[in-house]
Amino acid sequence: MTTVRLVCRACGLVADVAGACPRDGEALQVADDPLLGADLGGYRLARVLGRGGMGTVYLGVQPTIEAQVAVKVIAGVEPVAVERFVNEARAANRVDHDGVVKVFGAGVAPDQRPYLVMEYLRGETWATLFARTSVPP
């Protein structure tokens with residue numbers, strides 16, 4: 001018998017029994033990604049925010065104070081991809097501009113994939129924006 005892991009999409013709490021999260025009342029969802037509910041850099045991964053060629057971005061929640069961040073986990077551990085990933089973090093960290101996300105930290109997940117902890121910005125995706133309106137060049 002396989003146990004289904006459930007996770008709260010708001011705080012990342014993991015449970016084995018369906019229902020609502022005892023912490024915030026949110027409905028628990030099936031954790032279809034092995035990193036959901038995991039702790040990376042002091043943040044519990046609550047839900048997938050997006051996926052791209054470089055990796056997956058998760059909502060990370062600090063369990064005690066409920067601070068939210070974006071945690072980007074690289075797709076693999078190939079040396080060239082890891083080097084590009086680290087260079088991305090260094091470049092973002094050198095720029096202080098409202099249009100560039102702030103990087104708070106970095107680390108390595110238990111499966112040896114590097115990750116970045118970044119500020120979490122609420123809003124719509126570029127795809128949603130472009131579907132809704134035209135953006136001047």
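Once the Cβ-Cβ distance between Leu121 and Val4 is put in as r, and R0 is 30 Å, what FRET efficiency do you end up with, to the nearest 0.05?
0.40
With n ≥ 4 as the cut-off for DSSP H runs, can you work out [θ] at 222 nm for the chain, using -39500 (n - 2.57) per run divided by the number of residues, rounded to the nearest 500?
Rounded to the nearest 500, the figure is -5000 deg cm²/dmol.
Among Pro114, Pro22, Pro63, whose mean-square fluctuation peaks in a Gaussian network model of the chain (Cα, cutoff 10 Å)?
Residue with maximal mean-square fluctuation among Pro114, Pro22, Pro63: Pro22.
Express the carbon and sulfur contribution to the solvent-accessible surface of the chain as a percent, rounded to the nearest whole number, probe 1.4 angstrom.
Taking all protein chains in place, the chain shows 55 percent carbon and sulfur surface.
Whole angstrom only: what separates the Cα centroid of the range 86-103 from the Cα centroid of the range 1-24?
First find each Cα centre; the distance between them is then 34 Å.
Working from Cα positions, state the angle (0 to 90°, nearest 10) between the long axis of helix 79-94 and the longest principal axis of the chain.
Value to nearest ten degrees: 70.
Going by amide H atoms built from the backbone, whose H comes under 5 Å of the H on Lys102, apart from near neighbours?
Those lying under 5 Å, H to H, from Lys102 are Glu119.
Once amide H atoms are built 1.01 Å from N in the peptide plane, which residues 5 or more positions from Arg5, or in another chain, come under 5 Å H to H?
Ala31
Counting only heavy atoms of protein chains, what accessible area per residue, in Å², does the chain have with a probe of 1.4 Å?
63 Å²
In a Gaussian network model over the chain where Cα atoms closer than 10 Å are linked, find which of Val103, Val57, Val17 has the largest mean-square fluctuation.
Of the options given, Val17 has the highest mean-square fluctuation.
Given a cut-off of under 8 Å on Cα pairs at least six residues apart, what relative contact order in percent is computed for the chain?
Computed over the chain, the figure is 16 percent.
Please give me the summed charge of the neighbours of Ala46: other residues whose Cβ is under 10 Å from its Cβ, Lys and Arg +1, Asp and Glu -1.
For residues surrounding Ala46, the net value is +2.
What share of all Cα pairs of the range 50-137, in percent, falls into each consecutive 10 Å distance bin?
15, 42, 33, 10, 1
Taking only Cα atoms and a 10 Å spring cutoff, compute GNM fluctuations for the chain and point out the largest among Ala127, Ala27, Ala75.
Maximum among the listed residues: Ala127.
So, taking all protein chains as they sit and a 1.4 Å probe, how much accessible area belongs to Leu28, in Å² rounded to tens?
Surface open to solvent at Leu28 totals about 30 Å².
Quick one: Cα convex hull volume of the range 1-84, Å³ per residue?
104 Å³
Separation between the Ile65 and Gln112 pseudo-spin-labels, each 7 Å from Cα along Cα→Cβ, expressed in nm?
Going by the 7 Å Cα→Cβ label model, 3.5 nm.
For the range 1-110, run through the GluC sites (Glu not before Pro) and keep only the ones in DSSP coil with at most 13 other Cβ atoms within 10 Å of their Cβ.
Loop-located and lightly packed - Glu66.
The values are calculated or read from the model by the stated rules, or taken from the named source; none is laboratory data. Predicted model, so just to flag it, every value in this text is computed and none were measured. Note that each Cβ is placed from the backbone with ideal geometry, even for glycine, and that neighbours are counted across all protein chains shown. Side chains included, ligands, DNA and RNA excluded: accessible areas come from the protein's heavy atoms. Shrake-Rupley method; radii C 1.70, N 1.55, O 1.52, S 1.80 Å.
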